[in-house]
1. Could you tell me whether B:E87 is in contact (Cβ under 8 Å) with a residue 12 or more places away in the chain, more than 14 Å from chain A (Cβ to nearest Cβ) and touching a Gly at 6+ places or on another chain (Cβ under 7 Å)?
2. Restrict the check to region B:142-150 and report whether at least one residue is more than 13 Å from B:Y281 (Cα to Cα), more than 13 Å from chain A (Cβ to nearest Cβ) and part of a helix (DSSP H, G or I).
3. Name the residue, out of A:R383, A:R407, A:R392, that is open to solvent by 30 Å² or more (accessible area, probe 1.4 Å), of a type outside the set (A, V, I, L, M, F, W, C) and farther than 22 Å from A:A486 by Cβ.
4. What is the residue count in region B:1-41 for residues that are assigned to a strand (DSSP E or B) and on the phi > 0 side of the Ramachandran plot?
5. Just the residues that are on the phi > 0 side of the Ramachandran plot and either within 13 Å of chain B (Cβ to nearest Cβ) or surrounded by 15 or more Cβ atoms within 10 Å (Cβ to Cβ) (or both), please, taken from region A:432-441.
6. Conditions first: (1) out of contact with any helix residue (DSSP H, G or I) (no Cβ under 8 Å at 6 or more places or on another chain); (2) of a type in the set (D, E); (3) touching a residue at least 12 places away in the same chain (Cβ under 8 Å). B:E225 passes all but one, so which condition is the exception?
7. Being touching a residue at least 24 places away in the same chain (Cβ under 8 Å), open to solvent by less than 50 Å² (accessible area, probe 1.4 Å) and more than 13 Å from every other protein chain (Cβ to nearest Cβ) narrows it down to one residue among A:L415, A:L401; which is it?
8. With region A:47-161 as the region, which helices (runs of 4 or more DSSP H) entirely inside it contain at least 1 residues that are within 30 Å of A:L380 (Cα to Cα) and open to solvent by less than 50 Å² (accessible area, probe 1.4 Å)?
Amino acid sequence: MTQLDLKLAQEKTAVAQAADGVAVIDAAPVNSAVARQLYKKREPIYPKLVHGKFRVLKWFLLFATLGVYYLLPWVRWQRGPGEPDQAVLVDFAGGRFYFFFIEIWPSELYYVTGLLILAAVGLFLATALFGRVWCGYACPQTVWTDLYIAAERLIEGDRNQRMRLAKAPWTFGKVLKKSSKHAIWLAIAAATGGAWVLYFHDAPTLVPTLFTGDAPASAYLFMGILTFTTYMLAGSMREQVCTYMCPWPRIQAALTDEETLQVTYKRDRGEPRGPHKKGDPWDGRGDCIDCKACVAACPMGIDIRDGAQLECINCALCIDACNDIMSRIDRPKGLIAYDTDKNMIRRTQGDAPKVRLLRSRTVFYGVVFAVVSVVMLTALTTRATVEVNVLRDRTPPFVQLSDGSIRNAYTLKILNKANVEREFAVTIDGAQDIRMEAVGETVAANEMRVLVRGDDVRSIRVFATMLGGVERRASTPLTFVIRDTASGEQTDNPTVFLMERGS
Amino acid sequence: MSDKEIDQPTGVETTGHEWDGIKELNNPLPRWWLIILWITVIWSVVYWVLMPSWPGLTGHFEGVRGHTERANVDAAIAALESQRSAEMQQLLSVSSINEVESDPQLLQFAMNAGASLFGDNCATCHGAGGQGFKGYPSLVDDAWLWGGALDDIQKTLHHGIRSTHPETRISAMLAYGETGAFDRGQIDDLVEYVMHISGRSANQEAVVRAAPLYAQQCVSCHGPEGMGDPSQGAPNITDAIWLYGGERADIRETIYSGRAGVMPHWTDRLTDEQITALAVYVHSLGGGE
């Protein structure tokens with residue numbers, strides 16, 4: 001036996017009992033606001049594995065979210081000839097964003113803005129109802145950290161073994177364990193960065209080139225950046241990202257209220273806490289036996305019994321840890337549970353606890369969410385398949401021709417968002433005695449027919465000449481009317497015709 | 001300095017330096033900061049070897065990579081040219097320049113290429129939008145001294161006007177006053193004549209007096225009706241467009257001192273396909289015939 005083993009064995013025998021068969025875990029909330037001081041080095045956290053329904057839910061969400069992230073670029077979606085068949089693709093070179101049946105052009109980026117608004121309001125609603133569910137279950141920082149901790153546990157063992165290994169001298173075995181852990185972490189990080197770049201290129205074409213060195217430099221760059229950030233954020237920074245870097249812990253205080261369901265230690269039931277001896281009555285004391293199982297399970301390094309705090313990501317692992325202990329000491333589960341501040345007050349006053357999901361703020365967020373969803377859905381389903389931009393020449397704003405008439409020049413950009421070639425009829429509406437001409441196109445009876453290829457932009461230079469003898473105004477409103485000759489779909493594009501007043 | 005002094009609130013060693021009761025703490029530099037510093041120091045040595053670095057007496061160490069910005073620019077230009085070569089080749093191979101306008105893709109390419117060439121080479125005199133200035137013809141209107149069809153514009157670009165090219169377009173409005181060909185009275189009469197045929201009010205007696213002089217001296221270039229002649233670069237003097245101004249004083253100055261604007265030829269400076277693209281662009285500005 002080495003000295004260290006001896007010391008650990010001694011410690012083990014000296015371990016205090018929190019209750020019959022339940023040892024006190026020597027865990028300190030090292031990342032709580034009180035313990036955490038500026039200028040103090042970070043104290044490592046060794047979260048203990050727990051078993052329970054929330055751990056199962058988190059495993060499920062971990063596989064679901066990572067599964068979507070890694071596999072989505074491989075999903076195919078047939079759009080027709082000449083179009084990419086990747087279901088989700090941000091095509092910078094072609095200037096398109098593909099999402100299953102939706103194809104967004106750069107000029108329609110407001111749909112993405114709408115999607116972000118929807119996501120924000122959805123997050124507000126979820127937070128008002130259930131606290132920081134995003135932080136606890138779905139945030140990439142949480143998911144990847146959870147994955148990294150799982151890998152760490154696989155190689156180094158659970159909490160106690162990891163702590164022992166950290167204190168142990170540098171032997172070959174320790175080096176092997178540490179290096180294999182970091183190798184797995186780096187592999188996960190590289191896969192994370194690798195999957196990211198697949199969203200910007202055709203996945204089956206890009207992946208082989210990534211290995212042969214023929215992929216574009218930007219792919220390697222972003223893969224490198226994401227490998228580095230994943231490795232750092234999930235490997236060594238972990239809870240510090242949430243505590244110091246993320247704004248969300250600060251914002252959430254304004255989004256929750258006393259009726260919000262949050263991971264809560266029921267003070268009214270748990271206090272006064274203390275070790276329980278076998279056979280002692282439970283009357284006159286709290287159910288918390290101060291075993292610190294909740295502290296040992298916490299990946300954020302805090303003590304949930306201190307109440308709601310910005311370090312808490314509401315991951316609910318302390319619920320599982322505590323429920324396990326409660327069943328072992330034969331007390332009802334749910335000393336730590338999803339509960340509201342108001343319920344604690346209600347129970348203290350002898351009232352029955354209740355959950356009020358319908359509150360003015362949740363109704364407000366819900367209504368905003370519904371309205372934005374409807375607006376987005378309507379906009380997406382009824383959006384035009386042809387868009388026209390009219391760019392009027394500015395140098396010079398108008399030209400006098402030899403017969404004294406005035407001409408303005410315009411560049412029409414016709415965006416055909418359908419996947420088939422279409423013919424459009426271009427006419428000018430609004431002013432009299434205007435003659436239309438175009439470069440490379442024939443104009444018959446002031447109407448021009450142009451063909452625009454599917455999923456393409458065509459720019460045409462158009463001249464409008466105002467014949468002499470018309471009353472001269474500095475600015476005359478004009479409308480370019482572009483009509484699909486087959487379907488009749490039409491857009492009106494207002495612009496102006498300029499000339500010198502009264503000349 | 002054998003015994004260290006420890007600052008109480010922070011628990012950090014002091015340097016022993018004290019100013020008015022304030023002691024300097026001896027905090028080490030952060031580890032990560034030092035690591036980055038050493039990485040940059042090592043990298044600088046690598047950089048010296050790879051890249052042009054140390055000056056010598058007769059030159060400098062060129063680095064094992066042989067890197068020069070000039071070579072990078074040449075490579076970038078070559079890459080750009082090869083990228084454009086297909087369309088450029090197409091511009092060169094059309095049997096008639098008019099074919100360019102009937103091919104939407106080629107037209108778009110020629111207009112984009114022409115626009116950047118125009119900005120680099122032509123905008124100084126003809127204006128950013130081709131609107132022209134006094135003495136520098138507008139390219140957006142429908143008056144063309146030497147013709148505004150695509151191949152006319154192409155030829156003007158190739159050979160220039162009164163330029164040093166052997167096949168340059170050449171003609172001159174003579175200085176009838178300076179040379180003494182016309183006297184003052186004759187010039188005044190001709191000014192009235194020009195005012196009259198361009199549709200403005202004029203002294204009718206002077207117009208009558210000037211008519212035989214016009215028929216004798218001016219008709220060969222400007223034509224009997226004053227409609228001009230694009231084959232000689234003679235302007236139409238009956239319309240609303242005046243390169244050098246259409247007021248009496250401007251017209252008098254033109255007849256007295258003559259006019260002979262110069263447009264350089266571009267054969268030596270631009271390639272044939274560039275000139276084709278430029279011609280298409282200029283034609284699309286609006287004045288094309």
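The values are calculated or read from the model by the stated rules, or taken from the named source; none is laboratory data. None of the values given here were measured: they were computed from a predicted structure. We place every Cβ from the backbone using ideal geometry, glycine too, and count neighbours over all the protein chains shown. Side chains included, ligands, DNA and RNA excluded: accessible areas come from the protein's heavy atoms. Shrake-Rupley method; radii C 1.70, N 1.55, O 1.52, S 1.80 Å.
1. Taking the combined requirement at face value, the residue does not satisfy it.
2. no
3. A:R392
4. 1
5. Listed by number, the list holds a single entry, A:G440.
6. (1)
7. One residue alone meets the criteria, A:L415.
8. Ranges flagged: A:53-71, A:110-130.
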